[in-house]
Every structure is written in C-alpha cells, then in structure tokens.
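> I have a structure here, written as structure tokens, and I will follow up with some questions on it.
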Amino acid sequence: MVSLSWHAPAVLAAMLLIIGLIGLLARRSLIFVLMSIEIMLNATGLLFITAGMRWGNPQGQIMFIFVINLAGAELALGLILLLRLRNLLTTLDGDAANRLRDVEA
Amino acid sequence: MNLSGYDIVFYAAAAFALLTTAIAITRANPLYGLLNFVLSLLGMAVVFYTLGAPFAAALEVIVYAGAIMVLFLFVVMMLRLDRTAIARESGWLTRTIWIIPILAGAALGGELLYGLLRGTGPTHAHHIVSPQAVGLELFTSDIAAVELASMLLLAGLIGAYHLGRPARARD
C-alpha cells in the first residue's frame, strides 16, 4: 500500500522539467542539448506515472512506455544528426549550424 | 506529518535524482554529464517504485538507462573529444550564461508550482498498478497506439540509416 501524496512527485516532475529547460537554454554543446531534452521527457514520464498512481489507472504507465519509445526514436535521429554535423563543421557548437545550406567541402 | 518507510525512500531518491540531474547539466566533460544523468535515471527508477509502478521502474532501468543512455554514451565516445574540446566547452560555461535561463526557468517553475499546489482533491492515493494491468490494457484497448509506436520506431530507424550512410552512397 502506497501512502504518498501525489503533490510531492508532481513537484519533483516540475523541478526536473525546469532543470532540463535551464540546461537546454544555457548549454551550447549539442550533446548537452540532447541530454536536456531527455531530462525533460523523463520528467513528463514521471508526471504520467504520478497521475496513474493518483487514479489507480494503468494508462499512466502506458503513456510512460510511449514516452520512452519517443525518447528512443528522437535520440537515434538526434545522435546521427550530431555525428554528421560534427563531421561537416568539426564542432559541436549548435550556434555554428546557422547557414541552412551545404558547407563547401 | 508522519513519514512512512515509502515516504523516506521517495524523498531520498527524489533528492538524489535532482542533485545528479543538476550536476549532469553543469559538467564540461560530456561523459561525466551522461554518467551523472544515468545515476539520476536510477534514482528515478526508485521513485517510480515508491509510486506503485514497479513495471515502469524496471523499464526505466532496462530501456532508458540500459539501452538509450548507453547508446548515447557510445556515440559520445565515438566523437573522440580531446582536451581542447573540453577546454572550449568549459570556456562557454561562464557564470553569466546561466542568468537568463535560470530566470526563465524560475518563472515557468513558479507557475507550475502555483498550479500544482493549488490543485484540489484527495491528497493520498492508495493504488499500486501491477504489470499485469498495464500489459492487459496496453495490448487490448490500446493496440492501435502500439502500432503507431512501432511506426515511429521504424521511421526513426530508416531516418538514422539514411542519414548515417556515407555521402557517396546517399546521392
């Protein structure tokens, strides 16, 4: 039997989301940008699970499974774009990719 | 407020997850950041367990920390980051760069906390959602969403394969 209030995990999810947002805004390295997105997705999953606990409904955990699914698909594409960007521009600075066209080889 | 064993474990794991996440986004070396984030995910798994979601806790360890973050770690290792890259990275991490993000985060966080803490309704839940319940619901009434999730993964696979091929093969 769980006796925990649903407020505490909801506040934890909000705090993790804010930490992820701060990282997303402050960091320039694309590795940390991707990691901050993962932190925010994970906080969303925590909120879904909290809601599932609050109403005793499996839908919360089902949505968490879909959030993990989304995080995996997003990270695969994000990482391959990061690798290609690193090969093209030889840097991980997100601000360097602002031309929207090919770099002359 | 009398704390039960579950509550103490929850607060300890929550503090651990918050601390390691905050460490993760402030490191200059991406490997240390990622390893701290993996620790945070393990703390989150304990949080999920105390919230009565043992299946989600197992998924967090096996899929999130075990598969997704290890993929991330391997790619970062493939990037061959040397000392100059890390030095440039820590050069970007000046103190002033954090001011505006923290202000923006505080504004959004204040709104979220205001909304959450003013929420009404019973504050105590008494539900443990078993893995059987999750699986039964997922593969009966939510089967269309499972198919959509598999389409999403297939799209990610094809996209990663296409973008990952060398340039000569792609043209």
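> If you go through segment A:85-101, how many residues are in contact (Cβ under 8 Å) with a residue 24 or more places away in the chain, open to solvent by 20 Å² or more (accessible area, probe 1.4 Å) and not small (G, A, S)?
2
> Could you check, for segment B:18-39, whether at least one of its residues is open to solvent by 40 Å² or more (accessible area, probe 1.4 Å) and over 24 Å from B:W92 (Cα atoms)?
yes
> Within segment B:1-44, which residues are touching a residue at least 24 places away in the same chain (Cβ under 8 Å) and not in a helix (DSSP H, G or I)?
Once the filter is applied, which keeps residues that are touching a residue at least 24 places away in the same chain (Cβ under 8 Å) and not in a helix (DSSP H, G or I), segment B:1-44 yields B:T26, B:A28, B:N29.
> Among the residues of segment B:95-116, write down those that are of a type in the set (D, E, K, R) and part of a helix (DSSP H, G or I).
B:E111
> Find the residue count for segment B:72-81, including only residues that are open to solvent by 80 Å² or more (accessible area, probe 1.4 Å) and either more than 10 Å from every other protein chain (Cβ to nearest Cβ) or part of a helix (DSSP H, G or I) (or both).
3
> Any idea which of B:M69, B:M44 is under 13 Å from the mean Cα position of the chain (by Cα), within 7 Å of chain A (Cβ to nearest Cβ) and not acidic (D, E)?
Being under 13 Å from the mean Cα position of the chain (by Cα), within 7 Å of chain A (Cβ to nearest Cβ) and not acidic (D, E) holds for just one of B:M69, B:M44, which is B:M44.
> Condition check: at pLDDT 90 or above and surrounded by 11 or more Cβ atoms within 10 Å (Cβ to Cβ). Does B:I100 satisfy that?
Answer is no for this residue.
> Moving to a separate point now. What number of residues within segment A:50-82 are under 16 Å from B:A65 (Cβ atoms) and within 7 Å of chain B (Cβ to nearest Cβ)?
So the answer is 7.
> Confirm whether B:G52 is facing chain A (nearest Cβ under 7 Å) and either assigned to a helix (DSSP H, G or I) or modelled with pLDDT under 95 (or both). I'd like the intermediate steps shown before the answer.
Working: facing chain A (nearest Cβ under 7 Å): yes; either assigned to a helix (DSSP H, G or I) or modelled with pLDDT under 95 (or both): yes.
Yes: the conditions hold for B:G52.
> Looking at (1) of a type outside the set (D, E); (2) free of Cβ contacts under 8 Å to residues at least 60 places away in the same chain; (3) farther than 27 Å from B:L136 by Cα; (4) in contact with an Asp or Glu (Cβ under 8 Å, 6 or more places away or on another chain), find the lone condition where A:Q59 falls short.
With respect to (1) of a type outside the set (D, E); (2) free of Cβ contacts under 8 Å to residues at least 60 places away in the same chain; (3) farther than 27 Å from B:L136 by Cα; (4) in contact with an Asp or Glu (Cβ under 8 Å, 6 or more places away or on another chain), A:Q59 is out only on (3).
> Every residue in segment A:50-84 that is among the aliphatic types (A, V, I, L, M), within 20 Å of B:F48 (Cβ to Cβ) and open to solvent by 20 Å² or more (accessible area, probe 1.4 Å), please.
A:A51, A:M63, A:I65, A:L70
The values are calculated or read from the model by the stated rules, or taken from the named source; none is laboratory data. The structure displayed is predicted, hence computed values, not measured ones. Positions of Cβ are generated from backbone atoms using ideal geometry, with glycine treated the same way; all protein chains shown enter the neighbour counts. Ligands, DNA and RNA are excluded from the accessible area calculation, which covers all protein heavy atoms including side chains. Shrake-Rupley method; radii C 1.70, N 1.55, O 1.52, S 1.80 Å.
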